[in-house]
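Scroll down for the structure; my scribbles are underneath it.
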Amino acid sequence: MISHILKLIWNKKSNNSLLIIEIFLSFLVLFAVLSYVIYNTDRLSITTGFETENRWLIYLDRNNDGMDSTAIAEMKTTLKRELRAMPNIEAVSFTNGVGPYSNNTWQSSSDDMGFEIFSRYVYADEDFEETMGINVIEGRWFEEDDVNATYEPMIVNEFFMNEYFPDKSMVDSIILFDGDKRVVGVIDDYRYNGIFEEPVSTSFFLQPHTAERASIVYLKLSPNTPKTFEEEVSKTVESITKSSSFVIQDLSAMERRNSRETWIPMIALLSISGFLCINVALGLFGVLWYNINNRRSEIGLRRALGASRQSIASQFTGEVLMLTVLAVLVGIFFAVQVPLLKLIDIPPVIFYRSMLYSALIILTIVVICALYPSAQASRIQPATALHED
Amino acid sequence: MISLQNVSKVYRTKTIETTALNNINLEVPKGEFLSIMGPSGCGKSTLLNIIGLLDEPSDGAVIVAGQTVQKYSSKATSRFRNEKLGFIFQSFHLIPDLKVIDNVELPLLYRNVSGKERRRLSEEALESVGLKNRMNHFPNQLSGGQKQRVAIARAIVGKPEIILADEPTGNLDSVMGNEVMDILMKLNKEGQTTIVMVTHDENMARKTNRLVRLYDGSQIQ
């Protein structure tokens, strides 16, 4: 029966070509959209490596006119102490100007070890772990005494370890990375540019809060801290820094804004694809109805020659399924060029998964659209159909 | 071979009741070539459809090849039609998108017959109607007589015991009609195939073993 259906399809190739093109193009659009969606949503299950709830950030005024480095250090020490002493504040920490969701990165690479190591840099003080809920999976976070260590301490994320030193522990080892550095700890991750950010090797270096470039203050607040508390924090910061040019931001709100930038186009594309699928489904449904109505005498004949109702239904479903498989195979031929030729720099497995899902979605739509008309075809009375011609 | 006992067929709608066949009793022994004649609308095709299990009688019993057909399930009816019956139609009913050989193969598609065997049997059937050289043509490349011969090849490819022909020469000129009739008579004589043929043509009917006339759904001869 399969070869018979193939013959029918081949002999009606000019009639079928439009349907094949429609399914082929729909496959390609679905493939593109699903690749984008899978690429982004895959990372939703990976930890970002830090907490955003009950966290506020204060972007300090970097213009410390009239203050020398000693004064700045004293001011920041006072600020940290005073903030920490406030009710509702459980922890305070400072980093350099590379803050979450800023899309700013400070990165460097080094081949001192005989192979290239690339990493993003983040400078943070010893309280950053507690303040941001960083998860240290091996070793430890920075301590105050690390400032005086012989080798500059560094903390790396798991991605860094897997990328450059897989299958061995490097904690307490010295590595050559922009000078001698001692790895004191490994964290799971710190994807500070959002939940959709691709994992990348990240290194932390100790930067005391007194440093001039420590310009972002992180606050860990008690749960259910009222929004009005921001005013008290603002007054405290203003009185200590003698500046009103600072900004307080709620980290969870920043996260939501950041996520929206990816969610919105993703939902828009999915909606467009959804409409496309509905269009394809309606088109298929129409084509099938038209075909069945045009082939009533053929159906009558087949029934007269011994085809059961089930054979008729299977034949019509089979015809449209084979057309779809053909169109999808052509689609896969083109789609597979993207990972094979590395046209887009994302993991090839995403494209292969997208191909699979696109094919499954299209086949499911086709089967659903084919079932009812095929069942109707099988119910055609042969005696009636044979005399309609 | 075929036995119709008090067969009636009534078509009912909400407002009208139409009697297509009225108390038909008919016996067709094995190997007989029977023709059915009558004016248009007298119930000839309905009778043929009932014998061919394409329609069910409203009343009465139909026994074909020793089987009371009302007892069949839909699937069993299909199998019975496939194995025991061959159909020839006035308008040929060839599938235009299939080559001649593929059209002839059709009944064997619904049996467990290998592709190779299907091909062999179909070529054999086409040979018997003198059209083997046209097996790779499409129906629209054939004349009316050739199309009907292809339809005969399709009807006999499964070696049925009974052939039901609904005005097989109705769309053909007399020369082609005679050619087709000769083939049917040969099948009847040489293969002992039982044939029931509906026709409007007295000349064709006279060539058969027996003639049954219908008028307004009733058998008058």
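The values are calculated or read from the model by the stated rules, or taken from the named source; none is laboratory data. These numbers were taken from a predicted model, which means no experiment stands behind them. Here Cβ is always computed from backbone atoms with ideal geometry, including for glycine, and neighbour counts include all displayed protein chains. Note: accessible area is taken over every heavy atom of the protein model, side chains too, but ligands, DNA and RNA are not part of it. Shrake-Rupley method; radii C 1.70, N 1.55, O 1.52, S 1.80 Å.
Not counting ligands, DNA or RNA, and with a 1.4 Å probe, what is A:Tyr121's accessible surface area in Å² rounded to the nearest 10?
Approximately 10 Å² of A:Tyr121 is accessible to the 1.4 Å probe.
Can you put A:Asp125, B:Asp201 in order of accessible area, largest first, using a 1.4 Å probe?
Output order, biggest surface exposure first: B:Asp201, A:Asp125.
For the protein assembly as shown, give the share of DSSP beta bridges that are antiparallel, in percent and rounded to the nearest 5; count only bridges with both residues there. Write out the running numbers ahead of the final one.
Working: 46 of 75 bridges.
Beta bridges within the protein assembly as shown, antiparallel portion: roughly 60 percent.
Tell me, what ³J(HN,Hα) does each residue in the stretch B:86-92 have, in order and in whole Hz, if you take phi through Karplus 6.51 cos²θ - 1.76 cosθ + 1.60 with θ = phi - 60° and put x for Gly and Pro?
So the Karplus estimates, Gly and Pro as x, are x, 10, 10, 10, 4, 9, 6 Hz.
Mind ranking B:Lys99, B:Lys44 by accessible surface for me, highest first, 1.4 Å probe? Display every interim value, and only then the final one.
On the way: B:Lys99 70, B:Lys44 10 Å².
Sorted by accessible area, descending: B:Lys99, B:Lys44.
Per DSSP H run of at least 4 residues, take -39500 (n - 2.57); add these up for chain A, divide by its residues and hand me the 222 nm value, nearest 500 deg cm²/dmol. Provide the component values of the computation, followed by the final result.
Values: 12 runs with 201 residues, N = 389.
Computed mean residue ellipticity for chain A: -17500 deg cm²/dmol.
Given H placed 1.01 Å from N in the peptide plane, which residues other than close sequence neighbours of B:Ile163 have an amide H under 5 Å from its amide H?
HN-HN under 5 Å from B:Ile163: B:Gly86, B:Thr194, B:Ile195, B:Val196.
Can you list the lysines whose alpha carbon is less than 28 Å from that of A:Lys168, not counting same-chain residues fewer than 8 positions off?
Within the straight-line limit of under 28 Å, A:Lys168 reaches these lysines: A:Lys181.
Given the peptides A:53-59, A:311-317, arrange them by the average over their residues of other C-beta atoms within 10 Å, most packed first. Please list the in-between numbers first.
Numbers: A:53-59: 18.7, A:311-317: 21.0.
The most tightly packed comes first, giving A:311-317, A:53-59.
Using a 1.4 Å probe, how large is the accessible area of A:Glu22, given in Å² and rounded to the nearest 10?
Rounded to the nearest 10, that gives 60 Å².
Under 23 Å Cα to Cα from B:Lys30, which lysines show up? Leave out anything in the same chain fewer than 8 places away.
Leaving aside lysines fewer than 8 places away in the same chain, those within reach of B:Lys30 are B:Lys44, B:Lys71, B:Lys84, B:Lys159, B:Lys186, B:Lys189, B:Lys207.
So for A:Val287, A:Val366, what's the accessible-area order with a 1.4 Å probe, most first? Could you put the intermediate results ahead of the total?
Working: A:Val287 55, A:Val366 0 Å².
From most exposed to least exposed: A:Val287, A:Val366.
For A:Gly97, list long-range residues whose amide hydrogen, built 1.01 Å from N in the peptide plane, is under 5 Å from its own amide hydrogen.
A:Ser215
At a temperature of 20 °C and a viscosity of 1.002 mPa s, determine how fast the stretch B:1-126 diffuses translationally according to Stokes-Einstein, using the Kirkwood radius over alpha-carbon pairs as Rh; express D in µm²/s, rounded to the nearest whole number. Can you show the working numbers first?
Working: Rh = 16.6 Å.
D = 129 µm²/s.
For peptide A:88-96, compute the average count of partner chain beta-carbon atoms within 10 Å of each residue's beta-carbon.
Working: counts 0, 0, 0, 0, 0, 0, 0, 0, 0.
Averaged over the peptide's residues, the number is 0.
Give the accessible area for A:Trp141 in Å² (nearest 10); use a 1.4 Å probe, count only protein heavy atoms, and leave out ligands, DNA and RNA.
10
Two decimals is fine: what is log10 I(q)/I(0) at q = 0.06, 0.08, 0.15 Å⁻¹ for chain A, from a Debye sum with one equal scatterer on every Cα and no solvent?
Taken in order of the listed q values, log10 I(q)/I(0) reads -0.43, -0.62, -1.25.
How large is log10 I(q)/I(0) at q = 0.14, 0.17, 0.21 Å⁻¹ when the Debye formula is applied to the Cα atoms of the stretch A:51-164, each weighted equally and without solvent?
Taken in order of the listed q values, log10 I(q)/I(0) reads -0.77, -1.10, -1.49.
Determine the shielding of peptide A:376-387 by partner chains: average, over its residues, the number of Cβ atoms on other chains within 10 angstrom of each Cβ. If you can, show how the numbers build up before the last one.
Working: counts 0, 0, 1, 0, 0, 3, 8, 10, 3, 2, 10, 7.
Per-residue shielding by partner chains comes out at 4.
For B:Gly60, which sequence-distant residues (separation of 5 or more, or a different chain) have an amide H within less than 5 Å of its own amide H, given hydrogens modelled in the peptide plane?
Those qualifying (amide H under 5 Å, at least 5 residues apart or on another chain) are B:Ser8.
State the three equivalent ellipsoid semi-axes of the stretch A:61-245, derived from the C-alpha gyration tensor as the square roots of 5 times its eigenvalues, in descending order and whole Å. Don't jump to the answer; show the numbers that get you there.
Values: eigenvalues 193, 67, 45 Å².
Ellipsoid half-lengths, sorted descending, are 31, 18, 15 Å.
Using Cα positions and a limit of under 21 Å, work out the lysines in reach of A:Lys235, with same-chain residues fewer than 8 apart set aside.
Cα-Cα hits under 21 Å: A:Lys76, A:Lys80, A:Lys220, A:Lys227.
Quick one: 3J(HN,Hα) in Hz for the stretch B:19-32, Karplus 6.51/-1.76/1.60 with θ = phi - 60°, rounded, Gly and Pro as x.
8, 8, 9, 10, 6, 8, 10, 8, 10, 10, x, 4, x, 7
A:Ser93: net charge of surrounding residues, Cβ under 9 Å, Lys/Arg +1, Asp/Glu -1, itself excluded?
On the way: positive: A:Lys80, A:Lys220; negative: A:Asp125, A:Glu126, A:Asp127, A:Glu129, A:Glu130.
With Lys, Arg at +1 and Asp, Glu at -1, the net is -3.
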